[in-house]
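Visitor: Structure incoming, see below.
The values are calculated or read from the model by the stated rules, or taken from the named source; none is laboratory data. Quick caveat, the model's predicted, so the values are computed rather than measured. Note: ideal-geometry Cβ built from the backbone for every residue, glycine included; neighbour counts use all protein chains shown. Heads up: the accessible areas ignore ligands, DNA and RNA and are worked out on the full protein's heavy atoms, side chains in. Shrake-Rupley method; radii C 1.70, N 1.55, O 1.52, S 1.80 Å.
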Amino acid sequence: SGKWGQVITQPTSRLLRTFAELAHALGVYPTSPAHALERFPRVLELLLKLPAHVPLLLAREPLVGQFISVLDAMARAGCDLRGGGCSGAQRARSASGVLQPLAEVLAALPRAPAPGNFSRRVVWWESMYTYHAQRLYFAAESVLVEARMPAENTNMPDPTPGWYDLLDEAPCHYKRIQPSWLVQRALVPAFTRPAQPAGLSVLLVHRAETSVRQLRNHPQLERALRAALPFSRVQTFIGSEHTLASTISLFANADLVVAGHGAACAFWTFMRPGAVVVEIAYPSTSVMGFPASYYFPFAVSLRLRYHLSFALEGSYTSPMHADVDDVVLLAVRAAQWLGDERRHMRKKRQGAGRANDTALTTLGRKGHLAASGVAPELAAGGRLRAREMEDTETSPLTEPASAWRPGMPILLVAALGTAALMAVSCLMCYDSHEKGGPDRW
């Protein structure tokens with residue numbers, strides 16, 4: 001009874017806030033910046049799908065507040081957050097009232113949240129309260145409790161079977177961030193700059209704020225990347241030096257991101273489909289399990305091209321020593337692939353004929369590498385023939401007909417021959433079964 005948000009004093013002296021309807025996107029570690037990023041898809045999903053009168057309970061974390069401000073700013077600019085109907089090329093008014101490209105206006109948003117339609121729906125969680133609602137909404141982050149024995153060495157009672165336990169969550173599970181394509185589709189077009197400068201944009205993430213999984217040889221890796229990609233713009237990213245808005249802008253306009261396993265990988269949400277990511281993983285799993293199981297499905301759901309490089313030393317809780325040669329090799333391969341994709345898409349848009357495609361395939365090796373942003377001398381020793389991750393070598397974009405390569409007819413004949421042999425073998429097995437019974441099958 002009473003108004004929403006009414007405070008009632010219980011005999012235990014704990015305050016109770018009551019709501020007719022309430023949504024929540026708290027998750028595990030609710031005040032951790034790293035896990036705040038994981039909740040962005042759920043926050044956007046609840047704000048867009050639920051009626052405007054339903055309040056949303058969120059943990060008071062600065063990144064979450066800035067995310068709500070970004071959504072409010074895009075709504076004021078007339079963006080369609082459901083379908084990404086907003087381009088960074090369209091004009092919007094800055095804080096000083098000047099008309100500028102929307103991508104520039106959004107990138108300059110301050111840290112301090114500004115009031116808006118979405119921010120007015122937020123109820124900031126405070127630990128002194130117990131929150132009660134007649135109807136509770138949440139986004140598939142709870143577990144249906146099954147009958148089980150109480151955990152040993154604990155005084156916690158076993159939850160009643162059949163109830164939804166909001167605490168029984170996997171602390172780090174990729175399924176919680178898989179719907180990040182919702183955020184990608186809504187925000188990335190608005191932050192993409194209308195005119196991209198020549199060359200590739202490369203971001204190298206540096207965990208300068210902590211020693212945990214920090215790359216001890218970061219300066220060496222940065223120098224090696226600049227030498228290997230002289231035609232690209234290599235920039236070191238330190239999270240504490242940016243607002244969320246400027247971070248989104250950097251990642252939305254990046255072609256390649258190199259990052260150690262950690263929270264910054266969640267910023268992949270704001271990258272364009274078809275971009276490339278290289279994750280540097282800890283080699284020791286004594287503390288935490290295999291790292292790729294978390295961010296690899298995340299990258300796939302965002303349609304990013306994913307590479308994994310194991311560090312030479314380090315664990316989940318300690319600094320890492322990156323394998324510089326391996327990371328540079330993957331970055332060079334990514335730059336070549338991105339260069340090919342850009343040329344294919346450009347030719348597709350221009351409607352170029354097959355004659356131009358033939359001219360492209362006969363381009364000199366050094367010219368091809370330079371156009372991709374790769375140092376030509378790097379490929380001279382044949383280092384590009386090193387191991388590849390076959391599962392991630394397929395382009396996430398549709399490959400045009402001009403990508404047909406000389407070796408493909410041989411592969412096609414081999415595939416057809418293998419299929420024919422399998423068909424003959426199956427017929428022989430079936431014939432033997434008909435003549436000799438089940439024992440001959």
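Visitor: Could you give every pair whose Cβ atoms fall below 6 Å, whose first residue belongs to region 269-282 and is at positive phi, and whose second residue is at pLDDT below 95, counting only separations of at least 6 or pairs across chains?
Guide: G274/P396; G274/L397
Visitor: Out of curiosity, is A170 under 21 Å from G27 (Cβ atoms), aliphatic (A, V, I, L, M) and at pLDDT below 55?
Guide: Answer is yes for this residue.
Visitor: Residues of region 294-317 being open to solvent by 70 Å² or more (accessible area, probe 1.4 Å) and of a type outside the set (A, V, I, L, M), which ones?
Guide: Answer for region 294-317, where residues must be open to solvent by 70 Å² or more (accessible area, probe 1.4 Å) and of a type outside the set (A, V, I, L, M): F296, R303, F310, E313, T317.
Visitor: Does any residue of region 116-139 turn out to be at pLDDT 90 or above, of a type in the set (V, I, T) and within 28 Å of A299 (Cα to Cα)?
Guide: Checking region 116-139: not a single residue is at pLDDT 90 or above, of a type in the set (V, I, T) and within 28 Å of A299 (Cα to Cα).
Visitor: Please specify each residue of region 191-227 satisfying the condition of being assigned to a helix (DSSP H, G or I) and either touching a residue at least 12 places away in the same chain (Cβ under 8 Å) or crowded, with 18+ Cβ neighbours inside 10 Å (or both).
Guide: F191, H218, Q220, L221, E222, A224, L225, A227
Visitor: Could you grab me the full set of residues in region 110-125 that are open to solvent by 80 Å² or more (accessible area, probe 1.4 Å) and assigned to a helix (DSSP H, G or I)?
Guide: R120
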